[in-house]
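Contents: one structure, followed by commentary.
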């Protein structure tokens, strides 16, 4: 049953996407958007800081794995404690699974205890397509020079089972730690796993 579930969900998440503008080792695509509090969020304003972009869908079982267990919140708290900027992005189109409005997004943050710097709604999928986000979660880590240092999965356990978090290699934490230490990333790109981003048709 689990195998069948994983097959259908993950295949959808890994489906072919348009040409990706975001390329590891190259400058991350610039953006200028507003978060759910109406604050301007640009990549330029965070120059000199490590920035994590997290694509999310609160109804996706893979996202629920990491939020329901507290794993994502712990990672966010760890990152913020290191001076890292964390932007959570929901590219779900209106009427599709996981799509939220501002009020619902604020309620979800309160419910889960999320620790992000800002939550961005991207109902038209503009930001998601700019980065080529395929799945939820799909993670991006941008270095202090504004270059994309890591893109892909949150860890090496592509299942919706929270029990698999223990002992998993968290690629995002590894990337943050390597950048802070001035070291080259051991893993710079992986295949994102999860539910497909629910873009507008």
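Entry remark, segment 166-201: residues being assigned to a loop (DSSP other than H, G, I, E, B) and either at negative phi or modelled with pLDDT under 95 (or both) number 20 in total.
Tell me, which residue of segment 140-160 that is within 13 Å of the chain's Cα centre (by Cα) and under 19 Å from residue 58 (Cα atoms) is surrounded by the most Cβ atoms within 10 Å (Cβ to Cβ)? Write out each step before concluding.
Taking segment 140-160 as the starting set, the residues that turn out to be within 13 Å of the chain's Cα centre (by Cα) are 140-142, 150-155.
With the extra rule that they be under 19 Å from residue 58 (Cα atoms), the set shrinks to 140, 152-155.
On the way: 140: 25, 152: 23, 153: 25, 154: 28, 155: 23.
Step by step, filter segment 140-160, then rank; the result is 154.
Within segment 105-125, how many residues are surrounded by 14 or more Cβ atoms within 10 Å (Cβ to Cβ) and farther than 23 Å from residue 77 by Cβ? Qualifying residue count for the region: 3. Residue 163 meets each of the listed conditions (1) over 20 Å from residue 79 (Cα atoms); (2) in a helix (DSSP H, G or I); (3) under 17 Å from the mean Cα position of the chain (by Cα) apart from (3).
Across segment 50-70, the number of residues qualifying as out of contact with any helix residue (DSSP H, G or I) (no Cβ under 9 Å at 6 or more places or on another chain) and under 15 Å from residue 127 (Cβ atoms) comes to 1. Among the residues of segment 132-139, none qualifies, meaning not one is out of contact with any strand residue (DSSP E or B) (no Cβ under 7 Å at 6 or more places or on another chain) and surrounded by fewer than 16 Cβ atoms within 10 Å (Cβ to Cβ). Of all residues in segment 166-179, exactly one satisfies the criterion of being under 14 Å from residue 78 (Cα atoms) and surrounded by fewer than 16 Cβ atoms within 10 Å (Cβ to Cβ), namely 177.
Among the criteria (1) under 22 Å from residue 70 (Cβ atoms); (2) touching a residue at least 12 places away in the same chain (Cβ under 8 Å), the one residue 163 does not fulfil is (2). Of the residues making up segment 39-49, not a single one is in contact with a helix residue (DSSP H, G or I) (Cβ under 8 Å, 6 or more places away or on another chain) and part of a loop (DSSP other than H, G, I, E, B). Taking the conditions (1) modelled with pLDDT of 95 or more; (2) out of contact with any strand residue (DSSP E or B) (no Cβ under 8 Å at 6 or more places or on another chain) in turn, residue 47 satisfies each one other than (1).
The values are calculated or read from the model by the stated rules, or taken from the named source; none is laboratory data. The model shown is predicted, which means the values in this text are computed figures rather than measured ones. Glycine also receives a Cβ, built like all others from the backbone with ideal geometry; neighbour counts cover every protein chain displayed.
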